[in-house]
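What follows is a short report on a single structure.
The values are calculated or read from the model by the stated rules, or taken from the named source; none is laboratory data. All values reported here derive from a predicted model rather than from experimental measurement. Quick reminder, even Gly has a Cβ in these numbers, built from the backbone with ideal geometry, and neighbours come from all protein chains shown.
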Amino acid sequence: MRNISFYIAQRYFLSKNNTNAVNILTSIAVGAILVATAALFIILSVFSGLEKMNLKYYSNVNPEIKISPVEGKVLEQIDNLEGVLKKNASVVAFSRVIEEKVYLDYQGKQDIAYLKGIDENFTKVTRIDTVVYGGEFINFEHPDNFIVSAGIAQRLQLYVDPLVPTNLMMPKAGTGIIKQESDAFINEEAYNVGIFMLNEQYDKHLFAPIGLAQKLLNLDEESAYSLEVKTNGKQSLNDVKSQLAKQLGTAYKIETRQDLDSAFLKVMNMENLIIYLIFTLVIIIACFNLAGTIIIIILDKKKEIQTMYSFGLSRSNVRKIFFYTGMIITSVAMLTGLLIACVIGLLQINFGLVMASETIPFPFVFTLANVITVLVTVAGIGGLVSWVIARQIK
């Protein structure tokens, strides 16, 4: 049996006999919800793209698993630790790493950076060599070379320079009275051979052979602060983490990539939530037009409502007519807005309409979660507004 309330609501929406005011207000309501829906879907898709892009950049540098000491900085019994990793079938490669702050001086310009000393296995663990866009990657046969972030290169005007060395200084450990600079710092000269570009977290980083870091910290050739591990991907990182925790005991801290990226993920999720709430408020404001439209339609159909009562329609059925009218307006605007947003997204993906930088367009990622979020949000708000206004019919 045909739903008479929905049928009448459909006729009201499609009718050309409405007054000009009703048609104008309906168009405004559709347009407002359409724009708000498209904007919400676009911004959520862009944030999904930014999160995916940043995680990709993080995966180029952050290892799948990092092993470091619970107490102190230097790994104890590193040979035994590496022996355990070699016997673990889930471990494909691992690299010794030292990370410490360092003072840079290049032709009178100074900066403080994070030096990450790595060995030749580091490129098997991460893909740091793929983000070098100027010069070349580190030469591990010589400890006196390094690569810097684009931020450091810009601040120090430190570009690829095989002729003029950079002075790297690290404070000496120990106690006693400092009489001259050489008592306070260990100095090493090294040459910048490449520039890499990642995200803001690595804007103050430089990578160098681990031997350079060992010299600056006055450590022996076997020393490292951490071991960074690459797995074969057959097991989840948490499962491998649990295996290693049982094998290595409580003296070592074992962190997965999710643990290392947790701060970044929290920030991204918070930003995503704030943007979602802001655009939800925009949709609520846009639905004020919907409320006004339904009220005007009710006033315009006042005589027809009395006729419906005369033909035996209940108050509940009459209220459903205007509830369905609001839902039809919301649905048409919502689906049209999503369609327009998808077209804009495809244009952005293929032609890069809006650029995040000179070379990188804003990423746009279609996800089912974003589609469901937009549908539920817009339909929910539109439905609530329609129900509240329809309930006012006496």
**Item:** Output for the stretch 101-118, where each listed residue is closer than 17 Å to ASP144 by Cβ, touching a Phe, Trp or Tyr at 6+ places or on another chain (Cβ under 8 Å) and among the charged types (D, E, K, R)
**Value:** LYS116
**Message:** One residue is enough: does the stretch 312-326 have a residue meeting the conditions surrounded by fewer than 16 Cβ atoms within 10 Å (Cβ to Cβ), of a type in the set (S, T, N, Q), assigned to a helix (DSSP H, G or I) and over 48 Å from the mean Cα position of the chain (by Cα)?
**Reply:** no
**Request:** Looking only at the stretch 90-98, decide whether some residue is surrounded by 16 or more Cβ atoms within 10 Å (Cβ to Cβ) and either over 28 Å from VAL131 (Cβ atoms) or among the basic types (Lys, Arg) (or both).
**Result:** yes
**Request:** Examine the stretch 361-370 for a residue that is crowded, with 16+ Cβ neighbours inside 10 Å, under 21 Å from the mean Cα position of the chain (by Cα) and part of a helix (DSSP H, G or I), and state whether such a residue exists.
**Result:** yes
**Prompt:** Does ILE147 count as surrounded by fewer than 18 Cβ atoms within 10 Å (Cβ to Cβ) and of a type in the set (A, V, I, L, M)?
**Reply:** no
**Prompt:** How many residues, within the stretch 260-279, are in a helix (DSSP H, G or I) and buried (at least 16 other Cβ atoms within 10 Å of the Cβ)?
**Reply:** 6
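For (1) part of a loop (DSSP other than H, G, I, E, B); (2) crowded, with 21+ Cβ neighbours inside 10 Å; (3) not acidic (Asp, Glu), each residue gets a yes or a no:
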{"site": "ILE24", "(1), (2), (3)": "no, no, yes"}
{"site": "ALA29", "(1), (2), (3)": "no, yes, yes"}
{"site": "ILE33", "(1), (2), (3)": "no, yes, yes"}
{"site": "LEU40", "(1), (2), (3)": "no, yes, yes"}
{"site": "ILE43", "(1), (2), (3)": "no, no, yes"}
{"site": "GLU51", "(1), (2), (3)": "no, no, no"}
{"site": "TYR58", "(1), (2), (3)": "no, no, yes"}
{"site": "PRO63", "(1), (2), (3)": "yes, yes, yes"}
{"site": "GLY72", "(1), (2), (3)": "yes, no, yes"}
**Item:** In the stretch 249-259, residue farthest from ASN199 (Cα to Cα) [restricted to those that are of a type outside the set (S, T, N, Q) and assigned to a strand (DSSP E or B)]
**Value:** TYR252
**Single residue of the stretch 280-301 satisfying the filter (closer than 19 Å to PHE13 by Cβ and of a type in the set (S, T, N, Q)) that is surrounded by the fewest Cβ atoms within 10 Å (Cβ to Cβ)** = ASN289
**Message:** If THR166 satisfies all but one of (1) modelled with pLDDT of 90 or more; (2) surrounded by 14 or more Cβ atoms within 10 Å (Cβ to Cβ); (3) in contact with a Lys or Arg (Cβ under 8 Å, 6 or more places away or on another chain), what's the number of the condition it fails?
**Reply:** (3)
**Message:** Six or more apart or on different chains, Cβ atoms under 8 Å: show the pairs whose first residue is in the stretch 221-233 and under 17 Å from GLU76 (Cα atoms) and whose second is polar (S, T, N, Q) and in a loop (DSSP other than H, G, I, E, B).
**Reply:** GLU228/THR126
